[in-house]
Amino acid sequence: MNRGTLNIGLLTFGLLLLTVVVLNDLAVGQWSRFEGGWDNLRRLVTESLWPPDWTVLKARNYPVCEAAFGFMCSKAYLGMLETLKMAFVGTVIGFLGAIVLAPLAASNLAPSWVGGPARLLLAGMRSLPSIIWAILFVAIVGLGPLAGVLAMAFYTVGYLGKLQFESFEGLANGPIEAARAMGMNRTETFLFVVIPESANGLISQLLFMFEYNVRHGSVLGLVGAGGIGYYLSYYLGFLLYDAVMALILVIFVVVVAIEAVSRRLRSFLSESDDVPKASWISVLMSPDRAAAADATSTDAEV
Amino acid sequence: MLSTRGLSVGYDHALVSDIDLDVFPGDIIGIIGASGIGKTTILRTLAGLIPPFQGNLEHSLVKNGELGYIPQRLGLVRHASVEHNVALGARATARKPPEGTSSVRQWKATVTHEAIKAMGLTEKTREPVRRLSGGQQRRTATARTLAQRPRIILADEFLSELDAENVEMVFGAIHRLVKEDGSALVVVEHNVERAFRYCTRVLRVRDGRLHPVQGGESE
């Protein structure tokens with residue numbers, strides 16, 4: 001066995017040992033709880049979770065439904081629609097905030113005395129997950145989707161701002177230097193050189209962020225910030241796990257569908273022209289297998 | 001229009017020192033020398049992209065927008081069209097539209113399209129630069145400079161990757177610009193023979209100094 005392999009082996013062993021030690025520390029005295037675990041799981045699934053209570057897809061009793069289909073008055077539809085609306089507005093507002101802050105944070109676009117504070121601000125907004133922002137905003141503006149939108153917008157500024165300034169910093173220096181030497185000011189350079197050069201990445205990040213906000217928006221309702229999470233917490237409160245299960249399945253289907261669309265759209269923004277476009281089925285697979293499946297399907301077409 | 005006294009260039013240490021250079025209208029100055037010796041650093045310092053390591057650099061007559069710069073890798077916005085890139089030159093220019101021009105915007109568009117035409121790229125106007133060949137990209141960068149009509153042009157190996165016909169087109173256009181406007185060109189050139197053919201003055205970087213070279217002197 002050569003030295004390199006030995007080192008990797010030792011490192012892996014050490015890491016696993018550390019994991020076991022830390023886990024044991026966390027779960028001290030609780031190992032016995034696994035006894036009967038299988039039984040608990042079986043009972044949770046057969047007695048509580050399954051079958052899902054699909055009444056969440058039917059019209060609510062109150063207020064009286066005036067829509068053409070009862071489904072459009074259902075808790076699942078209304079909740080999911082509200083989550084989607086919140087994610088849409090939160091993402092757009094967050095994007096606008098990020099696109100203003102990101103150039104100030106990029107080391108190749110702004111002087112360091114501006115960049116430092118801007119990066120700190122972005123890091124601050126990103127360090128709290130949106131659900132914590134939601135708790136704060138529920139306290140400030142009260143229960144409901146407005147708090148959720150503000151929470152998502154804040155987190156989006158921090159997260160998207162980081163993605164954006166990193167992609168600005170990753171740009172080739174040449175165009176920016178040529179513009180600067182030609183006498184264009186920072187704003188002109190940003191608008192006419194940096195934005196067009198990174199446009200594909202910016203749109204791709206925007207789609208990703210929307211997808212992300214839909215996923216995370218589903219839980220904001222747990223703290224009273226609107227969306228489908230409100231109904232989740234409502235049913236959880238009454239221990240109605242079958243209805244919770246139905247809502248979880250709805251969230252799963254919608255999130256997967258949005259990821260599929262977003263992935264498809266983003267594949268059109270790929271940097272090089274010869275990268276094969278993603279296929280719909282690949283959304284359901286792990287990235288590696290999806291890449292392999294894409295490769296075979298492209299081969300088949302050829 | 002541009003002069004240096006005792007100028008040293010470099011990042012953490014001086015690469016080339018004691019540069020006394022005067023650039024006059026109509027000058028075409030070639031800078032030659034082995035690679036990695038600091039030619040590009042000189043150009044970047046003259047362009048104002050890095051501060052002088054030591055000494056003085058004066059752009060006496062060069063106002064904002066009167067300096068054009070073509071970096072070695074051209075500095076084009078690769079995802080934008082030829083038109084967008086050339087329009088950057090028209091946007092940056094310090095020139096004023098001729099008397100009686102009603103719309104500055106219209107004038108800048110005209111300047112842009114004339115420059116594209118001069119470089120034979122009319123059919124590629126809306127094409128993203130990244131889809132163009134190396135030679136076409138070089139012509140786009142040249143068109144950007146033509147649209148800007150700067151008083152001093154700093155170019156880094158701007159004739160490489162071009163076939164003979166394109167060299168004539170690109171150099172011819174810049175040469176006309178220099179003659180008509182009384183502007184100046186400072187070009188870093190790795191091809192010594194070409195430097196002597198096109199330039200009015202040739203300078204060689206050697207041993208950390210910039211030496212004047214007489215025409216015809218061999219390597």
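The values are calculated or read from the model by the stated rules, or taken from the named source; none is laboratory data. All figures in this text were calculated on a predicted structure; none of them were measured in a lab. With ideal geometry, Cβ positions are generated from the backbone for all residues, glycine too; neighbour counts draw on all protein chains shown. Heavy atoms of the whole protein, side chains included, go into the accessibility calculation; ligands, DNA and RNA do not. Shrake-Rupley method; radii C 1.70, N 1.55, O 1.52, S 1.80 Å.
What is the Cα coordinate range of chain B on the first, second and third principal axes, sorted by size from largest, in whole angstrom?
Principal axes ranked by extent give 50, 36, 32 Å for the Cα atoms.
Ignoring chymotrypsin sites (Phe, Trp or Tyr not before Pro) that are buried or in helix or strand per DSSP, and keeping those with at most 12 other beta carbon atoms within 10 Å, what is the longest stretch of chain A between them?
Result, exposed sites excluded: A:70-237.
Quote the total accessible area buried by chains B and A together, excluding ligands, DNA and RNA, probe 1.4 Å, nearest 100 Å². Intermediate results must be reported in sequence, preceding the final value.
Details: alone 11120 and 18190 Å², together 27600 Å².
Protein heavy atoms only, the B-A interface buries about 1700 Å².
Any chance you could get the radius of gyration and Dmax over the Cα atoms of segment A:1-136, in Å?
In order Rg, Dmax, the Cα atoms of segment A:1-136 give 26.1, 75 Å.
Can you list residues whose amide H is under 5 Å from residue B:204's amide H, if they're 5+ apart or on another chain and H is modeled 1.01 Å from N?
Answer set, sorted by chain and number: B:32, B:211, B:213.
In chain A, which whole DSSP H runs stretch at least 27 Å along their own axis (Cα) and average -0.5 or higher on the Kyte-Doolittle scale?
A:3-26, A:75-105, A:145-169, A:195-220, A:241-267
Within chain A, how many Lys pairs that are eight or more residues apart, or on different chains, come under 29 Å at the alpha-carbon? Mind dumping the intermediate values first?
Working: A:58/A:75; A:58/A:85; A:75/A:85; A:85/A:162; A:85/A:277; A:162/A:277.
Lysine pairs meeting the criterion: 6.
How many percent of Cα pairs in the protein assembly as shown exceed 47 Å?
Looking at the protein assembly as shown, the distances longer than 47 Å represent 35 percent of pairs.
Once you average over the residues of B:83-92, how many Cβ atoms of partner chains fall within 10 Å of each Cβ?
Other-chain Cβ atoms within 10 Å of each residue's Cβ, averaged: 4.
I'd like the carbon and sulfur percentage of the solvent accessible area for chain A, probe radius 1.4 Å, heavy atoms only, ligands and nucleic acids excluded.
Carbon with sulfur: 69 percent of the solvent-accessible area.
Using modelled amide H (1.01 Å from N, peptide plane; none on Pro or chain starts), what sits under 5 Å from the amide H of residue B:75, excluding residues fewer than 5 places away?
Residues meeting the amide H criterion: none.
Relative to the isolated chain, which residues of segment A:161-185 have their accessible area cut by 30 Å² or more in the presence of all protein chains (1.4 Å probe, heavy atoms, no ligands or nucleic acids)?
SASA drop of 30 Å² or more in segment A:161-185: A:175, A:177, A:178, A:181, A:182, A:183, A:184.
Per-residue HN-Hα couplings for segment B:8-15, Karplus 6.51 cos²θ - 1.76 cosθ + 1.60 at θ = phi - 60°, whole Hz, x for Gly and Pro?
Those phi angles translate into 10, 10, x, 9, 9, 9, 6, 8 Hz.
In segment B:33-52, what residues drop by 20 Å² or more of accessible area when the other protein chains are put back, versus the chain on its own? Use 1.4 Å, and skip ligands and nucleic acids.
Buried by the other chains: B:44, B:49.
By the scheme Lys and Arg +1, Asp and Glu -1, what is the net charge of all other residues having a beta-carbon under 10 Å from that of residue B:6? Please report the intermediate quantities before stating the final value.
Working: positive: B:5; negative: B:18, B:20.
Overall, the nearby charge balance is -1.
Looking only at other chains, what is the average number of their beta-carbon atoms within 10 angstrom of each beta-carbon in A:100-106?
Mean partner-chain Cβ count within 10 Å for A:100-106: 0.
Residue by residue, what Karplus-based ³J(HN,Hα) values in Hz, rounded to whole numbers, does segment B:64-75 have, using 6.51, -1.76 and 1.60 with θ = phi - 60° and x for Gly and Pro?
For segment B:64-75, the Karplus-derived couplings read 4, x, 9, 10, x, 9, 10, x, 4, 9, 6, x Hz, x marking Gly and Pro.
Percent of alpha carbon pairs in segment B:76-176 separated by more than 19 Å?
39
Cα atoms only: what Rg and Dmax, in Å, come out for segment A:70-269?
Cα radius of gyration and Dmax of segment A:70-269 are 19.4, 67 Å respectively.
Please list, in order along segment B:124-140, the HN-Hα scalar couplings obtained from phi with the Karplus expression 6.51 cos²θ - 1.76 cosθ + 1.60 (θ = phi - 60°), rounded to whole Hz, x for Gly and Pro.
Karplus values, whole Hz, x for Gly and Pro: 9, 3, 9, 6, x, 4, 5, 8, 8, 6, x, x, 5, 5, 5, 5, 4.
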